[in-house]
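Asks: So that we are looking at the same thing, I have put the structure below in structure tokens.
The values are calculated or read from the model by the stated rules, or taken from the named source; none is laboratory data. From a predicted model like this one, the values you see are computed outputs, not experimental measurements. Here the Cβ positions follow ideal geometry from the backbone for every residue, glycine too, while neighbour counts run over all protein chains shown. Ligands, DNA and RNA are excluded from the accessible area calculation, which covers all protein heavy atoms including side chains. Shrake-Rupley method; radii C 1.70, N 1.55, O 1.52, S 1.80 Å.
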Amino acid sequence: MNNKKALITGISGQETSDSWLKLVNKGYEVHGVIRRNSQMSKGTVELLPEQYRDKITIHFGDVTDAPFIEETVKKIAPDELYHLAAQSFVGYSFKNPSATYDVNIGGTLNVANAVKDHSPNTKLYFAATSELYGQPETTPQNEDTVFRPRSPYAISKLAGYWTVKVYRESYKLFMCNGILFNHESEVRGPEFVTRKIAMKVAAMAKGDDTPLVVGNLDARKDWGYAEDYVYGMWLMLQQKEASDYVLSTGEMHTVRDFINEAFESINKKIDWKGKALNETGIDKENNRIVVKVSPEFYRPLESDNYMGDYSKAKRILGWKPKVLFKDLVKKMVMSDLNTEKF
Ligand code: NDP
Ligand code: GDP
């Protein structure tokens, strides 16, 4: 036991699976905030092996509830607080900007205030994002690249980013922004494009004969593996001084690349025909259309051209990603292939 306490908001999301086991294994007393739902589901926490799951104390509550957050932070007085809870889906943020602001701005302010007022020795990690860059004109992007958000989600995260920076400087608190590029895993939410592709390709391998329907095939992102990034978050809070760090892979790939690679992992090759909304992906083996494009999955404003420069994290934290694009895609498709579900 190292006698350290960690509090994690958003513990029921994709970043939990396996990653926090490492904290439990390091001897932390781990606490997590989960908002109540009608099924009392604990999300990804339920996927953890029982011996670890039982060691995590869950506090049911919402980050938008200031008194709840205040009480929880005061009671636990965590050494480390990982504030991950968010409305994290960019597409949804265009349809529900107000709910996105409530959780991502209001919730973050509640967490920052609770630390400032009730537990100033707590080290805080805030989940900022590459979405802050919008449509960057310079590549690769680092901690000094200009932010030009292009979605309500990105705007809300920019408010969180500045809250952390201003609180750190004004009140001398240990607060870090992780400017994390896209990171995925076997338990990524099913509406995100990587998991959507992995699930569909796995289903096709099991006999599903309906095509995968996506939006912008040309969108370019820097996709890494969630577990690597959670380790990076932990490293940020082990430093003597708080700072902001980019975590990324330094590789850029299109959605089309992801699809090609996913089919590759079930030994299929795709031919691409047509352009934009009329583009289709055709299974070379039998000439069947397996990928279509629909305007339904386009964003009102795209944010892409992402390729992160993680040299600061490498230099100061000694961090680098272990899982790169090809392995990431394979891991995700294989995991979905091995689940019972179609
Ligand atoms: P997920 O969407 O998988 O997880 C978000 C978590 O926040 C869920 O547990 C969700 O609970 C919880 N949550 C949402 N609203 C509230 C609320 N009002 N009160 C309490 N909990 C709430 O996201 P990820 O795990 O992928 O990402 C974690 C964080 O990192 C997020 O802040 C995200 O914006 C950020 N980020 C993610 C990146 C990525 O590529 N994954 C890149 C950069 C930043 P519920 O299950 O009930 O919805
Ligand atoms: P984001 O980077 O956090 O928005 O993660 P997403 O997985 O939702 O989107 C990644 C990129 O894929 C964005 O540029 C989307 O425009 C693009 N994209 C293309 N087709 C789809 C699709 O069908 N679903 C989603 N979610 N994104 C898509």
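Asks: Taking the Cα centre of the chain as origin, work out the dipole magnitude from +1 charges on Lys and Arg Cβ and -1 charges on Asp and Glu Cβ, in debye rounded to 20.
Replies: It works out to roughly 240 debye.
Asks: So what are the three principal axis dimensions of the range 273-337 from its Cα atoms, in whole Å, longest to shortest?
Replies: That works out to 49, 33, 19 Å along the principal axes.
Asks: Given a 1.4 Å probe and the protein chains all in place, what does the accessible area of Trp162 round to, in Å² to the nearest 10?
Replies: Approximately 120 Å² for this residue.
Asks: Something else: Quick one: order Arg150, Arg36, Arg195 from most to least accessible surface, probe 1.4 Å.
Replies: Arg36, Arg150, Arg195
Asks: Here is a follow-up. Leaving out same-chain residues fewer than 8 places away, which aspartates and glutamates sit with a Cα under 12 Å from that of Lys275?
Replies: Asp218
Asks: Right, another one. From the P(r) of the chain, could you give the percentage of C-alpha pairs in the tail past 31 Å?
Replies: 33
Asks: I'd like the distance between the alpha-carbon centres of the range 1-65 and the range 171-191, rounded to an integer number of Å.
Replies: If you average the Cα positions of each part, the centres end up 16 Å apart.
Asks: Moving to a separate point now. What is the Cα coordinate range of the range 70-170 on the first, second and third principal axes, sorted by size from largest, in whole angstrom?
Replies: 44, 30, 19
Asks: Can you tell me the accessible area per residue over the chain, all protein chains present, probe 1.4 angstrom, in square angstrom?
Replies: 45
Asks: Divide by every residue of the chain the summed helix terms, -39500 (n - 2.57) for each DSSP H run of at least 4, and state the resulting mean residue ellipticity at 222 nm, rounded to the nearest 500 deg cm²/dmol.
Replies: So the calculated ellipticity at 222 nm is -9500 deg cm²/dmol.
Asks: Still on this structure: What's the extension gain from Ala205 to Ser98 if we count 0.36 nm per residue and subtract their Cα-Cα distance?
Replies: Stretched out fully, the Ala205 to Ser98 stretch lengthens by 34.5 nm.
Asks: Taking all protein chains in place and a 1.4 Å probe, what share, in percent, of the accessible surface of the chain do carbon and sulfur account for?
Replies: On the chain, the fraction of accessible area on carbon and sulfur atoms equals 49 percent.
Asks: Further, regarding this structure: Based on DSSP, what percent of beta bridges with both residues in the chain are antiparallel, to the nearest 5?
Replies: Antiparallel bridges: around 20 percent, rounded to the nearest 5.
Asks: Is there a pair in Lys42/Lys123; Lys22/Lys165; Lys196/Lys292; Lys268/Lys326; Lys196/Lys268 whose C-alpha atoms are over 21 Å apart, and which pairs would that be?
Replies: Listed pairs above 21 Å: Lys42/Lys123; Lys22/Lys165.
Asks: How big is the charge dipole of the range 130-180 about its Cα centre, in debye rounded to the nearest 20, if each Lys and Arg gets +1 on its Cβ and each Asp and Glu gets -1 on its Cβ?
Replies: 200
Asks: Would you mind checking the pairs Lys74/Lys157; Lys284/Lys331; Lys172/Lys330 and listing those with alpha carbons more than 32 angstrom apart?
Replies: Violating the 32 Å Cα-Cα cut-off are Lys172/Lys330.
Asks: Using the Cα centre of the chain as origin and beta-carbon charges of +1 (Lys, Arg) and -1 (Asp, Glu), tell me which of Phe325, Gly281, Ser294 is placed farthest towards the positive end of the dipole.
Replies: Phe325
Asks: Which order, highest average first, do 135-148, 169-182 follow once you tally other Cβ atoms within 10 Å for each residue and take the mean per peptide?
Replies: Per-residue Cβ counts within 10 Å, averaged per peptide and sorted highest first, yield 169-182, 135-148.
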